[in-house]
Amino acid sequence: MAAIKEKYIRCDNSYYKSVGLTNVCPSEVAYPTKVEVYGTTCYVVKPESQCIRYAKCEVKSGCLEISGDESECLMDSFRQFDTWIYCENCGFRLVQLRLPQCCTCSKYEECQSGSG
């Protein structure tokens, strides 16, 4: 597919990297291979060639040193990708996927149980 080849040429600059900053939320770059579309499992066509990447966050709570367990690493900086997929029931389709590009430390407060 010519559309996929064209994307691959510009692929190496598509992933966000925080240069010079301390990364308190480690992540790894992953390539989606399956997606749920039209109520069925479909397959991403050559995700590496389409530059369809996302950040897979390591499970880490307490990422803020001052807050203890009241913080957690969560997916962030979502980006929309035009993605070629293949579904057994409808063939090749171009769809949009919204995927996280990094992980950030988010603070939260636990809800108080109902008052009296």
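The values are calculated or read from the model by the stated rules, or taken from the named source; none is laboratory data. Please read these numbers as outputs of a predicted model, since none were measured by experiment. Using ideal geometry, Cβ is built from the backbone for each residue, glycine included, and neighbour counts are taken over all protein chains shown. What goes into the accessible areas is simple: the full protein's heavy atoms, side chains included, and nothing from ligands, DNA or RNA. Shrake-Rupley method; radii C 1.70, N 1.55, O 1.52, S 1.80 Å.
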Out of all the residues in the stretch 50-93, which are open to solvent by 70 Å² or more (accessible area, probe 1.4 Å) and touching a residue at least 24 places away in the same chain (Cβ under 8 Å)?
Lys56, Glu58, Lys60, Glu70, Glu72, Leu74, Met75, Tyr86, Glu88, Asn89, Phe92, Arg93
When you scan the stretch 26-43, how many residues do you find that are outside any strand (DSSP E or B) and touching a strand residue (DSSP E or B) at 6+ places or on another chain (Cβ under 8 Å)?
5
Candidate set from the stretch 94-112 (those that are of a type in the set (D, E, K, R) and more than 26 Å from Cys42 (Cβ to Cβ)); member that is surrounded by the most Cβ atoms within 10 Å (Cβ to Cβ):
Lys107
